[in-house]
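The values are calculated or read from the model by the stated rules, or taken from the named source; none is laboratory data. Computed from a predicted structure; not experimentally measured. Positions of Cβ are generated from backbone atoms using ideal geometry, with glycine treated the same way; all protein chains shown enter the neighbour counts. Side chains included, ligands, DNA and RNA excluded: accessible areas come from the protein's heavy atoms. Shrake-Rupley method; radii C 1.70, N 1.55, O 1.52, S 1.80 Å.
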Amino acid sequence: MSEGKKAERRLGLLLCAPAILIMAAVAGWPIIYSVWLSLQRYDLKFPDRTEFVGLDNYVTVLSNSYWWNAVWITIVITVVSVVVELVLGMALALIMHRTLVGRGIVRTATLIPYGIVTVVAAFSWRYAWTPGTGYLAETIAGGDPVLTQKIPAIMVVILAEIWKTTPFMALLLMAGLALVPDDLLKAAAMDGAGGWQRFTKVIVPVMKPAILVALLFRTLDAFRIFDNLFVLTAGSQGTASVSMITYNNLIKGLNLGIGSTMSVLIFLAVAIIAFIFVKLFGTAAPGSDGGGRR
């Protein structure tokens, strides 16, 4: 490497150093402190009993049935909502991409749910499913309090998630549709490919990076679900997610040790999901080699 290149590299590192230090302080310190708290018995209701317990908190959490019930509830909500959003989002993206008349109106109408604050949207779903005041509870559920029953309540939560965030998925996929060359589609049509063949053999492979990015964002978001559940069920009837029982232990229960342990486990799960998706994205991005490098 020439002296000029080395000088440019040193200058680049010096310019990036302040931002790196600030990010390490803002993002790194809370993570380190949470890990430290997770290794202690630390309950604010009994401050004089604080002591270092090693991995005992992790054993306590991972051997607790409430934790694993919350894990399964979170996985079900994440998988079902993301899969349905992908299908509906792709359909909406294709409609918005091909609509020639009233394209602006169609896009605006589609994005309205995503523009509503999540808590406000959750309250609207809660009132809609409340017997006596909700039109959905009276017309679909026959007046039954569905939010007080585990399976129906989970279905309502998933429905609220799909209604709220499908437009976000559609926006990301529509950006991916812009990458598909019209000439490629015309050439496929001239070769006799039908609409479904053009979609599966041409559009989806070209859109693969955009699809994986959309799936990554929504999977991470859905795995951290809290606000919809908090408003709709408050975690009752075994509907709590991992974020909700962490909130209950950390904020309501004032048990910093157990709450921090759950926070660290959620962080590790999110990091693993992100790592898997980034590896998939790296191998799918245009111009990347077999190892996912650009």
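Observations
- Neighbours by Cβ (under 8 Å, 6+ apart or cross-chain): first from region 54-68, of a type in the set (V, I, T); second not in a loop (DSSP other than H, G, I, E, B): T60/I258; T60/T261; V61/W67; V61/I258; V61/T261; V61/M262; V61/L265
- Residue check, F277 closer than 30 Å to A93 by Cβ, part of a helix (DSSP H, G or I), modelled with pLDDT under 85 and within 24 Å of the chain's Cα centre (by Cα): yes
- Residue within region 34-48 that is at negative phi and under 24 Å from the mean Cα position of the chain (by Cα) present: yes
- Residues being farther than 12 Å from L220 by Cα, modelled with pLDDT under 90 and in a helix (DSSP H, G or I) - total across region 252-274: 1
- In region 83-146, counting only helices (runs of 4 or more DSSP H) that sit wholly within it, the ones holding 1 or more residues that are of a type in the set (K, R) and surrounded by 13 or more Cβ atoms within 10 Å (Cβ to Cβ) span 103-115, 118-128.
- In region 210-230, the residue that is farthest from Y42 (Cα to Cα) out of those that are open to solvent by less than 10 Å² (accessible area, probe 1.4 Å) and part of a helix (DSSP H, G or I) is A214.
- Any hit, region 43-58, residues being of a type in the set (K, R), under 23 Å from N249 (Cα atoms) and open to solvent by 100 Å² or more (accessible area, probe 1.4 Å): yes
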